[in-house]
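The values are calculated or read from the model by the stated rules, or taken from the named source; none is laboratory data. Since the model is a prediction, treat every value here as computed from it, not as a measurement. So basically every Cβ, Gly included, is an ideal-geometry build from the backbone, and we count neighbours across all protein chains shown. Note: areas computed on protein heavy atoms with side chains; ligands, DNA, RNA excluded. Shrake-Rupley method; radii C 1.70, N 1.55, O 1.52, S 1.80 Å.
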Amino acid sequence: MSSSSPTGALAGIRVIDLSRVLGGPYCGQILGDHGADVLKVEPPQGDDTRAWGPPFQNGVASYYLGLNRNKLGMQLDLASEAGQAVLWGLLEGADVLIENFKTGTLEKWGLGYEALAQRFPRLIHCRVSGFGADGPLGGLAGYDAAIQALSGIMSVNGEHGGQPLRVGLPVVDMVTGLNAALGVLLALQERARSGKGQFVESSLFDCGLSLLHPHAANWFLDGKNPGLTGNAHPNIYPYDAFPTRSVPVFLAVGNDRQFRLLCQHLQVPELAGDARFAQAGARSVNRVVLRELLEGALAQHDGAPLAEALMQLGVPCAPILSVDAALQHPHTQHREMVVRIGEDYTGIASPIKLSRTPATYRHAPPTALSAKGAQD
């Protein structure tokens, strides 16, 4: 494995990433972006996501490319004694192991947490799982869309009167990867005091439930089961998508001052003085009539310049952009949120900005599989 960036926050941390698909690889990429040396160890057939296309680049799907930069790669058959022996050797100098094997698989191979902890007491063993190892659903495989359904996320995502919908990106998988990375960092911090590693688990089921704010908080307080509300926020209004004379916009008005500024700019100041709308709670209760009145005022404006003007006034608002427009937005460029490595790799940069030890982009994803050792 190569030496990491001397300026990375995690410089000197060595990570063995045995994980596949999304949550685990995303965790490994986060650590790699911030200086850790990450070795991605794939099974003989490779990570499943290599085939999750089109589009493809040199036979490798974009899905895989988006989750595996800043890693070196090798191929290893962990079901074989020879592959297991190689892994034991790799772990000799490792700080972190990331894996998402089905519960019992590593134990069957003699590579479970107890065995590893006995030989490598400083090792942080991070497992991304579907449901954890035990309990009514323990040990079962988890998939993003199924967890969205099971955790209640789909029940609040969709238009009023319509059907529950999957969120249009793998939000559960990604937050599971984020929490896995956070867990690893917490364990590294604790190890600096105790000198001991520990087992870190981030499960899709737990992370799916953790995303239920404010719906869970509302239910804990009033016992009312939330339903589909479309783009509208269940607690505050106007916090919703609205049509304009051109592109639609999203208004995210969070307090009475912002609402007054909105009404002034739309030349309907009387709405801010109306008892039905003057305070946040009243606006939420009277949202149906307020929406109708705002739609009439917004119909006189073009979405993009309106959103820009409102933002300058301190009223949160944005045009609803397509993916290509968002990725080419001037502020995306200013924030350096698109990164390129060599001639063939382009991806979303790390959103974590550190002043002294910023993220670095050293390795394109390891697209070639090798059974002999690490490859760029």
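Among the trypsin sites (Lys or Arg not before Pro) in region 41-127, those placed in a DSSP loop whose Cβ has at most 14 other Cβ atoms within 10 Å are Lys102, Arg122. Applying 1/(1 + (r/R0)^6) with r as the Cβ-Cβ distance of Glu159 and Lys102 and R0 = 35 angstrom yields a FRET efficiency of 0.45. Here the label points at Gln267 and Glu308, each 7 Å from Cα along the C-beta direction, are separated by 2.0 nm in the simple model. At an R0 of 22 angstrom, the distance between the Cβ atoms of Val167 and Asn235 translates into a FRET efficiency of 0.70.
Here the accessible area of the chain is 56 percent carbon and sulfur, with a 1.4 angstrom probe and all protein chains present.
The order of the peptides 209-222, 330-343, 354-367 by mean Cβ neighbours within 10 Å, most packed first, is 354-367, 209-222, 330-343.
Summary value for the chain: 19 percent relative contact order, contacts being C-alpha pairs under 8 angstrom separated by 6+ residues. Roughly what angle does helix 23-33 make with the longest principal axis of the chain, taking Cα atoms, 0 to 90 degrees, to the nearest 10? Value to nearest ten degrees: 80. Between Ala133 and Ala299, full extension at 0.36 nm per residue minus the direct alpha carbon distance yields a gain of 54.3 nm. Accessible area per residue for the chain, computed on protein heavy atoms with a 1.4 Å probe, is 51 Å². GNM remark for the chain: springs join alpha carbons under 10 Å apart, and the peak mean-square fluctuation among Leu306, Leu188, Leu72 falls on Leu306. Estimated from the Cβ-Cβ distance and a Förster radius of 45 angstrom, the FRET efficiency linking Arg122 and Met174 is about 0.95. For the peptides 111-117, 264-270, the ranking by mean Cβ contacts within 10 Å, running from highest to lowest, is 111-117, 264-270. Counting only residues at least eight positions apart within a chain, or on another chain, the lysines with an alpha carbon under 29 Å from that of Lys71 are Lys40, Lys102, Lys108, Lys196, Lys353, Lys372. Angle between the Cα long axis of helix 256-265 and the longest principal axis of the chain, 0 to 90 degrees, nearest 10? Helix 256-265 and the main axis of the chain meet at about 60 degrees. For semi-axes √(5λ) of the Cα gyration tensor in Å, one of [x] 33, 24, 20; [y] 45, 24, 19; [z] 30, 24, 19 was computed from the structure I shared and the rest are decoys. Which label? Looking at semi-axes √(5λ) of the Cα gyration tensor in Å for this model, the match is [y].
Against the chain, whose longest principal axis is taken from its Cα atoms, helix 287-298 shows a tilt of about 80°. Can you give me the C-alpha center-to-center distance between region 326-344 and region 66-100, rounded to a whole angstrom? Measuring centre to centre over Cα atoms gives 31 Å. By a straight-distance test (C-alpha under 25 Å), which lysines pair with Lys224 as possible cross-link partners, with residues fewer than eight away in the same chain excluded? Candidates past the 8-residue exclusion: nothing left.
Among 314-323, 23-32, 89-98, sorting by the average number of other beta carbon atoms lying within 10 angstrom of each residue, highest first, gives 23-32, 89-98, 314-323. In this label model, Asn218 and Arg340 are separated by 4.5 nm, measuring between points 7 Å along each Cα→Cβ vector.
Full extension of the chain segment joining Asp48 with Asp77 gains 9.0 nm, where the gain is 0.36 nm per residue of separation less the Cα-Cα distance. In this simple spin-label approximation, Ile352 and Thr332 carry label points 7 Å from Cα along the Cα→Cβ vector, and these lie 2.3 nm apart.
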